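Working notes, beginning with the structure itself.
The values are calculated or read from the model by the stated rules, or taken from the named source; none is laboratory data. Because the structure is predicted, anything quoted here is derived from the model rather than measured. Here the Cβ positions follow ideal geometry from the backbone for every residue, glycine too, while neighbour counts run over all protein chains shown. For the accessible areas, the whole protein counts, side chains as well, though only heavy atoms, and no ligand, DNA or RNA atoms are used. Shrake-Rupley method; radii C 1.70, N 1.55, O 1.52, S 1.80 Å.
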Amino acid sequence: MNYIDSLKQRPKLLQFVALLIVFFLLMQMTGDYHSLIVERDSFAKAVASGEIEASVGFTEALGMLASGQLPPQLIRIPELSFYNLSASLSSTSLLIVLAVFAGMSYYSHQTSISKGSWVSKQYRHLFTNSLTALLTGLLIMPTLFNWLFGAATMTTFWEIPRLINELAENLMYNWFPVEIYDPEIEDYEDSALIKELTRSFSRSLLFLIELVREILVGGVKTIVAFTSWDWLEENKWAYWPALPWTVVASGTFLLGYKLKGLGLSLFAGLTTIYIAAFGQWEPAMETLSLVLIAAPVSVILGMLWGVLAFKSTKIEKTLMPLLNIAQTMPHFSYLVPVVVFFGIGDHAGAIATVIFATPPMIRLTLLGLKKVSPEVIEAGMMNGCNSRQLLFKVLVPTARRDMLLGVNQVIMQCLAMSVIASYIGAKGLGFNLLLALNQLRIGQALELGVCIVLIAVVLDKLSLAWADRQMDYFSNLNFYERYRYSILFAAVLLLGSLLAYIGSFLFQDGINYFYLIPHNKGMTTEPFWQAGVDWIIDSWFYSLKSFNEVLIINILIPMKTAYLSMPVIATFTLFMGVGYIVGGARSAIIVGAFLLFIALTQWWDRALITMYMVTFGVIVSVIIGTLVGTICVQNKAATNFILLVCDTFQTFPSFIYLIPVIMLFGITDTSVLIAVIIYATIPATRYTVEGLRNIPPSLIEAGLMSGANRIQRLINIEFPLAFPHIMLGINQTVIFALFMVIIGAMIGTDDLGQFILKALSDKQGIGNGLMLGLCVAFIGLAVDHIINTWAKKRKQTLGIE
Amino acid sequence: MSTTQQPVIKCSSLYKIFGDNTQQVIQKNDGKIDVTELREAGCVVGVNDASFEVYEGEMLVVMGLSGSGKSTLLRCISRLTDTTAGEIFINGDNILEMSAKELIELRRNKMGMVFQSFALLPHKTVLENISFPLQIKGHSTKDAMQRAMDMIKLVDLTGRENYYPRQLSGGQQQRVGIARSLAVEPDIWFLDEPFSALDPLIRKEMQDEFLRLQAALHKTILFVTHDFDEALRLADRIAIMKDGVIEQIDTPANIVLNPATEYVRKFTADVPREKVLKIESVMEEIGNLTEADLSDFQVPCDAIIETVAEKVLSESKPVAVVDQQNNIVGVLNCHTVIHMLFGENQVANA
Amino acid sequence: MKNKIIKAGLLAAGLSLSFLTGQAQAADSSKPIVIPTHNWSSQVVMAYVIGGIFESMGNNVEYVPADSQAVYEAIRNGDVTISHEVWQSSFGKSFYNAMAKGGVIDAGTHEAATLEEMGVPQWVIDQNLCPGLPNWEALKNCSDVFATADSGGKGRWLEGPQSWHGNLMPDRIKALGIDDQYVVKFAGGADAIWADLAAAKKEGRGVITFNWTPNFTDADGFAFIEFPPYYDGCRIVDGGDGACGSPKGWLKKAANYKFPKTHPAAYTAYSKLSFSTRNIGQMAALVDVDKMSHEDAAKKWLADNESVWMPFTK
């Protein structure tokens, strides 16, 4: 009796229990269909072969329900059919667009209160108007026309990828053809306007990357950009020489010294020497040149959009969902569009990197700007700043802390992308790493991975130090003192070049070790690492094998089967129910909409498999992460150490541990899940540490004074208070896990990830890739929405933040 | 303070209403502002029909509790927020009609402002913070730094030029804020609760410092505070605000002696008058008294009562009150002082 | 500073455009031929070998890393000039898709006959783990040899990623009537297969996996299963019943459609170019066995085999 009373005190818990009961009841109601859905795709196959109906009539459905059996449409959502949405780009439809836009704008102008400043104040109307106009003209009107007068062909939701593809292909190859003279084939050629535009953009970007690259390792592309290949042909001497690695190493040393002091200079310098000595010089400089362009572009774009979002809530509101999607969408899903629109090469890698690295910068810029106290802004205004001065001299510098965090994120993301970017043409460490893995040379791959992490850390530290440097206004410097570092660098350059010149006579094997150490002539620790990996595999193989078998047979397969045997109505009930309990009807609808999108595609079964792997990965990661985080936070040194480990693993290319994991666990879900757990434990640990560290000390003191021992304190005070923050960590864990489950397709999975990889070679690669990417993103966003809403409410209740 | 002189700041019928539908409600009323109706429509009235003038070298203290609209009023006059209705003149120019460019010029040359939370730029050193407005104005770095060094000397922060704000105490930070606001030598000085965030002792010290500076600089000042004692201590005139309305605007003495409304009376009730009032506000007509009837001791008419009370009470005869030219302008009776010191009730009970 | 760089970039882009409109020439264009490198050794070495051949003819060459599936879209757009290893079974689909869209041409076939088929490592034969192999009928009796934890008691039929052949293998085991004994597992990529092979080797366990020849696994020995022979139209997608093995496959060369016009001489050489299984094996061995770098391996191969490649350039 008492127990029920206490339940009544907690209506949410009661609701949740009720929800679970309903959920499990629904799970039991699959009846005859059960055997069809436990194996992925067989339900769809049965429908396609006419074995079963995709849906039954209303009365029949009622009858089935009465007998405790769900009708088929509640088990798997049938294909949604609607009339052909043939997007039309004819002149008629463009006219309709213009007319609708003009009409709507006129109307909203007429009904506006402040006519004078209408344009500046109501530009959101302009935006929505143009969107409506575009929809009406390009989609709705043609569709209506087709329906009324044309041959109405049925299309389904499943064909959206094809439509996307056709639209993109039309844009890239057919729309607005312009005649371009191609001297190579001595003829005029039709080329689409968009293609020419994106290609000239690509050329400029590539020029920048190659400029930086050739300063570092030499080359002819920059010379060609200003002359031509023919000119180069006639002037064989024209070659931009590389900076000898000794010069770059001393240069980084000097830079580090100038910006921060001896510690940083030693670290940066030694890293450079490490890279050179281990023969990774050229690939490392290739990667670096890409990052040196992609990172600033991301930072500038991020700041720009962050500032715009800060100035206008409308932009913020439009931008936020886009950022959410960009951050949760797997990279592989936008590789094909990038290749189609921008071509293949370093620039494509840079663009993919920028897409991935900009969102956190935008978020952190916005966050930083929002935290600037209004009085500081007023102070700036009262000091007579115009809007530009206010932005650059007051707002941006004041928001610096968060923006620097953003820069840190950008650098980390840029290097984390280096492997994936090599799929679409980025040269450098990432490509070599893939190559090494394909030869199963894990030791070499490890060395490359270490290079990537080191470059990330050095760039991060240097950029931080640069942002922190202080000016001296009163010292009266003479010429030497003022330009000390430039002079020193000039000296180093001279010395290094001289050394390189001497080196060209010195070495016997035709390789000048003072100039460039070639890829395979450096030192290597490969045998050491290889031996380590071999040792692990040899000594652990059998015990892990039996563990693996037990895990797969007793946990993973039943779990996967359970997920697949969920009728669609049960999944919706569960997710929307949790959404409702946490955030009311609004959350339920949002979560439901995300799920509906996935359910309408033909990949629902695959999405369920993705969800199963994410669930398992998240559960284990959270347990490990919170445990490790809680233990480490008891000690300051351990805390710092664990945070360092988190940083390292976040940049360390996850591809590397895929291979040893396969060797230990085979091409199984276990391998994928191990990789997932390694990666997803990072945020779980980090947020636990942060959550526990940031508890107000007064509360801990209060706990101490009431005589709680350490464990009691942890359970009764620290955990409840840190819990909202830890939940945000779990949120991140889900996103990280999703990300890695998709990468897990490299091992071999049968979930959404496999199809995303497949999209790389599909006829409908763009459409399929994007739709699949959205499916993954929406799983992430549904969970994200629930957890974020909960954490926000909980934090409010607890009065934190 | 002669009224013939042109006021430096002049506001007339100033309104500031917050709320998304403000304009709609006003438009519906053909541009007339009906405060009650606006409140019913869910708008918040920040400033309600404020009119006043501030003259050169005068310090007007706007006093009110939080939410009374005093800071809003200040921000309207500095045009940090838009005004809903009314007019504001600075040196005769209507600033509400100024273009953004003119406004920036005005701020760069004529105005300085000090903020409650100091509002220093965290990424700049003391020196850079103080020279900031000068650099914004376009001074050369050398010039700006030189001038900033002078300001640092003025506010007594020598030796801390290269500190960052986070390395300074609250009082020191506000000195930087003051120095920054004075760097461009403004005519008009806005201070928005400059000392509220400081500890009582430091606050007292800063007030003294502020009076010292004002004695030397003679700026025209609009000073906002929620601390009535501070207002009494500093002000030439005080404007007391409640719910956006200026309840009374007068000299400290008049406010204490003749509170205009019940609200003001509540404020003044506990004010120790001897600490506020000057002798001239309580002295009596000299009447038919002669030199012989008066004691030899004389008091200046602008002295605060408290400072002379003991001496006056020890005299057996009434004390003569003299002006700056040493003319006798009135007399101070013993019982008046007792009355001031102990109040009516206490005297009656005794 | 940044501004200047951007301006310089725009200027350069403009300049390079304006220079492109210069005079045309009958000989090969001096613009570089873009050769893609993928993530397996023989392909990379061959890229450098072909690059070396082009260079010997006075052409400029550029290498760009690319995904082996996405590369055809890039050739179509002219971002990449050639692809010199089009394996029938793995990339035939992507290749023909791109050809159907236009922009890619078939530049002939290598001499090397390829076979892309299911098979078992040599030790499975040597230890007689499944008597009767490589005949496929033998598979009927030893599915347990190939079983793994997640294959549900059936034998695991390790196939490449689904992007390579779609549903070919599931269809085949069904058509052969062994779908109650085997289940297809799609690996994530070639490296996943190699890792699984390496682990199986350590353990000496049986494994049946998709593989091809020429490949570096040839060195260790690899036996391909003999399925019922392939004939045109035997596959389900071609209207057959699907109960057949893979054909002796081709290894084609693809090129951008402009390549013959821009670099006539180089194209002629490229279309003549044809490597044998032995040649490809040598190239791969230099890297995989001798642990040379890909560039060095290519140099060495070119130096050792002038008689092979010189005729192409004539």
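Looking at the stretch A:207-245, which of its residues are in contact (Cβ under 8 Å) with a residue 24 or more places away in the chain, within 13 Å of another protein chain (Cβ to nearest Cβ) and either farther than 24 Å from A:Pro283 by Cβ or open to solvent by 40 Å² or more (accessible area, probe 1.4 Å) (or both)?
A:Ile215, the sole residue that qualifies.
Which one is most open to solvent (accessible area, probe 1.4 Å), of the residues in the stretch A:190-205 that are within 9 Å of chain C (Cβ to nearest Cβ) and either closer than 17 Å to C:Val34 by Cβ or not small (Gly, Ala, Ser) (or both)?
Residue satisfying both the conditions and the ranking: A:Phe201.
Scan the stretch A:277-295 and tell me whether some residue there is open to solvent by less than 40 Å² (accessible area, probe 1.4 Å), outside any helix (DSSP H, G or I) and either touching a strand residue (DSSP E or B) at 6+ places or on another chain (Cβ under 8 Å) or not polar (S, T, N, Q) (or both).
For the stretch A:277-295, residues open to solvent by less than 40 Å² (accessible area, probe 1.4 Å), outside any helix (DSSP H, G or I) and either touching a strand residue (DSSP E or B) at 6+ places or on another chain (Cβ under 8 Å) or not polar (S, T, N, Q) (or both): present.
Give all pairs with beta carbons closer than 6 Å in which a residue from the stretch B:217-228 that is farther than 16 Å from B:Met111 by Cβ meets a residue that is acidic (Asp, Glu); count only pairs at least 6 apart in sequence or on separate chains.
If the second residue must be acidic (Asp, Glu), the pairs left are B:Thr225/B:Glu193.
Which of the residues spanning the stretch B:78-123 are assigned to a helix (DSSP H, G or I) and more than 10 Å from every other protein chain (Cβ to nearest Cβ)?
Matches in the stretch B:78-123: B:Ile95, B:Leu96, B:Glu97, B:Glu102.
Please find, among A:Pro337, A:Pro359, A:Pro321, A:Pro330, the residue that is open to solvent by 10 Å² or more (accessible area, probe 1.4 Å) and within 26 Å of A:Leu206 (Cβ to Cβ).
Every option except A:Pro337 fails the conditions.
Looking only at helices (runs of 4 or more DSSP H) that fall completely inside the stretch A:351-463, which ones have 2 or more residues that are of a type in the set (A, V, I, L, M, F, W, C) and away from chain B (no Cβ under 14 Å)?
A:400-416, A:418-421, A:429-438
Out of the residues in the stretch A:701-738 that are open to solvent by less than 40 Å² (accessible area, probe 1.4 Å) and out of contact with any helix residue (DSSP H, G or I) (no Cβ under 6 Å at 6 or more places or on another chain), which is nearest to A:Trp790 (Cα to Cα)?
A:Leu721
Quick check on my filter: what residues within the stretch A:246-275 are in contact (Cβ under 8 Å) with a residue 40 or more places away in the chain and part of a loop (DSSP other than H, G, I, E, B)?
A:Lys260
It is to be established whether one or more residues within the stretch A:677-684 are more than 27 Å from A:Lys545 (Cα to Cα), more than 14 Å from chain C (Cβ to nearest Cβ) and touching a residue at least 24 places away in the same chain (Cβ under 8 Å).
For the stretch A:677-684, residues more than 27 Å from A:Lys545 (Cα to Cα), more than 14 Å from chain C (Cβ to nearest Cβ) and touching a residue at least 24 places away in the same chain (Cβ under 8 Å): present.
Please go through the stretch A:146-161 and pick out each residue that is surrounded by 15 or more Cβ atoms within 10 Å (Cβ to Cβ) and either at pLDDT 75 or above or in a helix (DSSP H, G or I) (or both).
Answer for the stretch A:146-161, where residues must be surrounded by 15 or more Cβ atoms within 10 Å (Cβ to Cβ) and either at pLDDT 75 or above or in a helix (DSSP H, G or I) (or both): A:Asn146, A:Phe157, A:Trp158, A:Glu159, A:Ile160, A:Pro161.
Hey, among A:Leu643, A:Leu608, A:Leu596, A:Leu627, which residue is in a helix (DSSP H, G or I) and either open to solvent by less than 10 Å² (accessible area, probe 1.4 Å) or touching a Cys at 6+ places or on another chain (Cβ under 6 Å) (or both)?
A:Leu608
Return the residues of the stretch B:171-194 that are more than 18 Å from B:Leu134 (Cα to Cα), within 11 Å of chain A (Cβ to nearest Cβ) and part of a loop (DSSP other than H, G, I, E, B); say none if nothing qualifies.
Result: B:Glu193, single match.
In the stretch A:518-566, which residue that is part of a loop (DSSP other than H, G, I, E, B) and open to solvent by 70 Å² or more (accessible area, probe 1.4 Å) is farthest from A:Tyr274 (Cα to Cα)? Please lay out each step first, then the result.
Within the stretch A:518-566, the first condition is being part of a loop (DSSP other than H, G, I, E, B), and the residues that meet it are A:518-525, A:565-566.
Filter once more, keeping what is open to solvent by 70 Å² or more (accessible area, probe 1.4 Å): A:521, A:523-524.
On the way: A:Lys521: 13, A:Met523: 9, A:Thr524: 10 Å.
Checking each candidate, the answer is A:Lys521.
Taking the condition of being under 22 Å from A:Leu757 (Cα atoms) and of a type in the set (D, E, K, R), how many residues in the stretch C:190-206 meet it?
Qualifying residue count, the stretch C:190-206: 2.
Among what's in the stretch B:252-267 and is in contact with a strand residue (DSSP E or B) (Cβ under 9 Å, 6 or more places away or on another chain) and open to solvent by less than 50 Å² (accessible area, probe 1.4 Å), pick the residue that is farthest from B:Cys43 (Cα to Cα).
Ranking the candidates gives B:Ala253 first.
Within the stretch A:552-587, how many residues turn out to be closer than 14 Å to A:Ala607 by Cα, small (Gly, Ala, Ser) and touching a Phe, Trp or Tyr at 6+ places or on another chain (Cβ under 6 Å)?
Summing the residues that are closer than 14 Å to A:Ala607 by Cα, small (Gly, Ala, Ser) and touching a Phe, Trp or Tyr at 6+ places or on another chain (Cβ under 6 Å) in the stretch A:552-587 gives 0.
Mind checking which residues of the stretch A:379-394 are out of contact with any Pro (no Cβ under 8 Å at 6 or more places or on another chain) and either open to solvent by 30 Å² or more (accessible area, probe 1.4 Å) or farther than 12 Å from B:Ala119 by Cα (or both)?
A:Met381, A:Cys385, A:Asn386, A:Ser387, A:Arg388, A:Gln389, A:Leu390, A:Leu391, A:Phe392, A:Lys393
Do we find a residue being assigned to a helix (DSSP H, G or I), open to solvent by less than 10 Å² (accessible area, probe 1.4 Å) and among the small types (Gly, Ala, Ser) anywhere in the stretch B:151-170?
Checking the stretch B:151-170: not a single residue is assigned to a helix (DSSP H, G or I), open to solvent by less than 10 Å² (accessible area, probe 1.4 Å) and among the small types (Gly, Ala, Ser).
List the number of the failed condition for A:Val372; all other conditions in (1) within 22 Å of A:Leu205 (Cα to Cα); (2) surrounded by fewer than 24 Cβ atoms within 10 Å (Cβ to Cβ) hold.
Going through (1) within 22 Å of A:Leu205 (Cα to Cα); (2) surrounded by fewer than 24 Cβ atoms within 10 Å (Cβ to Cβ) one by one, A:Val372 breaks only (1).
Scanning the stretch C:278-307 for residues that are within 11 Å of another protein chain (Cβ to nearest Cβ) and touching a residue at least 40 places away in the same chain (Cβ under 8 Å), which turns out surrounded by the most Cβ atoms within 10 Å (Cβ to Cβ)?
Result: C:Ala297.
Starting from the stretch A:696-714, take each residue that is over 23 Å from A:Leu627 (Cα atoms) and list its partners that are surrounded by 14 or more Cβ atoms within 10 Å (Cβ to Cβ), counting only C-beta distances under 8 angstrom and pairs at least six apart or across chains.
Listed pairs, sorted by first residue: A:Ala702/A:Ile717.
With the requirement that a residue be away from every other protein chain (no Cβ under 11 Å) and closer than 13 Å to A:Val661 by Cβ, what does the stretch A:531-547 give you?
Correct list: A:Ile536, A:Trp540.
Counting only residues that are in contact (Cβ under 8 Å) with a residue 12 or more places away in the chain, closer than 30 Å to B:His226 by Cβ, part of a loop (DSSP other than H, G, I, E, B) and over 20 Å from the mean Cα position of the chain (by Cα), how many does the stretch B:262-295 have?
Residues meeting the conditions: 1.
Condition (residue is within 24 Å of A:Pro683 (Cβ to Cβ) and open to solvent by 20 Å² or more (accessible area, probe 1.4 Å)) applied to the stretch A:437-448: is it met by at least one residue?
Yes: the stretch A:437-448 contains one or more residues that are within 24 Å of A:Pro683 (Cβ to Cβ) and open to solvent by 20 Å² or more (accessible area, probe 1.4 Å).
Out of (1) touching a Cys at 6+ places or on another chain (Cβ under 8 Å); (2) free of Cβ contacts under 8 Å to residues at least 12 places away in the same chain, the odd one out for B:Thr141 is which?
So B:Thr141 meets the others, but not (1).
Looking for something of a type outside the set (A, V, I, L, M) and closer than 25 Å to A:Pro653 by Cα - is there at least one such residue anywhere in the stretch A:759-770?
Looking only at the stretch A:759-770, we keep the residues that are of a type outside the set (A, V, I, L, M), and these are A:761-765, A:767-769.
Still in the list and also closer than 25 Å to A:Pro653 by Cα: A:761, A:769.
Within the stretch A:759-770, one or more residues are of a type outside the set (A, V, I, L, M) and closer than 25 Å to A:Pro653 by Cα.
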